[in-house]
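**Student:** What follows is a single structure, and I will ask about it in a moment.
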Amino acid sequence: MSVEDYLLQKLKTGTLHMTLIDPASQDPSEAGKIAKDACALGTDAIMIGGSTGVTQDNLDKTALEIKHNSNVPSIYFPSGASAMSANCDAIYFMSMVNSRSLDWVIREQVAGAPAVKKLGLEPLSMAYIIVEPGMKVGEVGQADVIPRDNPKLAASYALAGELLGMRSVYLEAGSGAPAHVPSDMISYVKKSISVPLIVGGGIRDATAAREVRDAGADVIVTGTIVEENGYLSRLESIINAIKE
Ligand code: 1GP
């Protein structure tokens with residue numbers, strides 16, 4: 001079964017959780033341990049990526065350890081075309097649709113497409129939308145961040161992505177954001193599109209995860225918490241809140 005079919009099947013049972021692991025944040029064996037823990041707690045997929053510091057070497061080694069230690073698909077969440085690994089099951093083939101730079105809208109995709117094809121990576125097409133504050137990814141990606149009080153603008157970007165043929169939409173507040181994407185924006189975007197809605201950035205506890213789920217997110221991504229000591233109980237309460 002393709003990763004996309006797996007995700008679509010699982011979505012029929014409720015909201016999904018994905019654990020984001022940044023290859024630049026720990027050594028590969030630690031990444032494998034995090035993946036194993038996250039699988040045991042019920043995460044639905046592992047995303048691998050980060051805004052800076054991902055190299056061919058740390059990506060290959062981290063993705064391999066994750067593959068050996070998990071029983072869910074691993075999806076590469078790239079920051080550009082410079083690193084690509086066949087050790088991942090799929091790749092978010094994504095465009096930062098609100099970037100001011102053509103690099104992140106299409107040029108990196110042009111540079112990376114032949115390697116995706118050659119490696120046989122399954123592409124999961126996605127419109128990536130950066131919401132205020134945007135954090136590092138908003139800065140690096142030169143995003144025209146969506147103001148937090150403008151859900152209509154977010155929905156227009158999301159719908160434009162869907163109409164261009166993109167098969168999912170990601171609302172991103174930025175890793176480590178002090179607040180997640182506002183609930184009214186999530187609801188407004190969810191009502192405007194018919195493809196799965198992924199939400200991430202700044203979701204740090206069960207209350208926030210529940211709020212994001214209830215607002216209409218189909219997939220909730222958490223990253224930073226697994227980089228902190230004693231992440232197990234926190235990750236467990238977030239995944240339980242999403243699945244309850
Ligand atoms: C970043 O949305 C993800 O791309 C995860 O964000 O690190 O804040 O959980 P956090």
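Bear in mind that the values in this text are calculations on the coordinates, not laboratory data. Just so you know, these numbers come straight off a predicted model, no measurement behind them. Counting neighbours? That spans all protein chains shown, and the Cβs are built from the backbone with ideal geometry, glycine included.
**Student:** Once Rh for the range 43-172 is found with the Kirkwood sum over Cα pairs, what is the Stokes-Einstein diffusion coefficient at 10 °C and 1.306 mPa s, in µm²/s? Don't skip to the end; give the middle numbers.
**Tutor:** Numbers: Rh = 15.2 Å.
It diffuses with D of about 105 µm²/s by this estimate.
**Student:** Would you count, across the chain, every pair of lysines whose alpha carbons are under 23 angstrom apart, provided the pair is eight or more residues apart or spans two chains?
**Tutor:** So the count works out to 22.
**Student:** To continue, here is another question. If you plug each phi of the range 146-153 into the Karplus form 6.51 cos²θ - 1.76 cosθ + 1.60 with θ = phi - 60°, what whole-Hz ³J(HN,Hα) values come out, in order, with x for Gly and Pro?
**Tutor:** In residue order, the calculated couplings are 6, x, 4, 9, 10, x, 5, 5 Hz.
**Student:** Let me know the Kirkwood hydrodynamic radius for the range 167-216, please, with Cα pairs as the basis and the value in Å to one decimal. Write out the running numbers ahead of the final one.
**Tutor:** Details: mean 1/r = 0.0920 Å⁻¹.
The answer is 10.9 Å.
**Student:** Can you give me the convex hull volume of the Cα atoms of the range 35-79, divided per residue and expressed in Å³?
**Tutor:** On the way: hull volume 3.0 nm³, N = 45.
So the per-residue hull volume is 66 Å³.
**Student:** Next up: Regarding the chain, what whole-number volume in Å³ per residue does the convex hull of its Cα atoms give? Can you show the working numbers first?
**Tutor:** Working: hull volume 26.3 nm³, N = 244.
Given the Cα convex hull of the chain, per-residue volume reads 108 Å³.
**Student:** Starting at the first residue of the range 36-48, write each ³J(HN,Hα) from the Karplus equation 6.51 cos²θ - 1.76 cosθ + 1.60 with θ = phi - 60°, in whole Hz, x for Gly and Pro.
**Tutor:** Each residue of the range 36-48 in turn: 4, 4, 5, 5, 4, 8, x, 5, 9, 6, 10, 9, 10 Hz.
**Student:** Could I ask something else about it? Where the centroid of each part is defined by its Cα atoms, how far is the range 178-244 from the range 123-153 in Å?
**Tutor:** Using only Cα atoms to place each centre, the spacing works out to 16 Å.
**Student:** Please work out the ratio of the alpha-carbon Rg of the range 1-119 to 2.2 N^0.38 Å and round it to two decimals. Kindly include the intermediate steps, with their values, before the conclusion.
**Tutor:** Values: Rg = 14.3 Å, N = 119, 2.2 N^0.38 = 13.5 Å.
Taking N as the residue count of the range 1-119, the ratio is 1.06.
**Student:** Continuing with the same structure: Around Asp144, which amide H atoms from residues at least 5 apart in sequence, or from another chain, sit under 5 Å from its own amide H, with H modelled in the peptide plane?
**Tutor:** Ser99, Arg100
**Student:** Now for a separate question. Scan around Ile21 for amide H atoms under 5 Å from its own, H built in the peptide plane at 1.01 Å from N, and keep only partners 5 or more places away or cross-chain.
**Tutor:** Amide H to amide H, under 5 Å and 5 or more residues apart or across chains, Ile21 pairs with Met47, Ile48, Gly49.
**Student:** Here is a follow-up. Please list log₁₀ I(q)/I(0) at q = 0.17, 0.27 Å⁻¹ for the range 1-65, using the Debye equation with identical point scatterers on the alpha-carbon positions.
**Tutor:** At q = 0.17, 0.27 Å⁻¹ the computed log10 ratios are -0.64, -1.10.
**Student:** In Å and whole numbers, how far do the C-alpha atoms of the range 139-185 stretch along each principal axis, longest first?
**Tutor:** 32, 25, 17
**Student:** Another one. Which part of the range 209-235 falls in the paramagnetic zone of Leu11, meaning amide N under 12 Å from the point 7 Å along Cα-to-beta-carbon?
**Tutor:** Answer for this model: 217-220.
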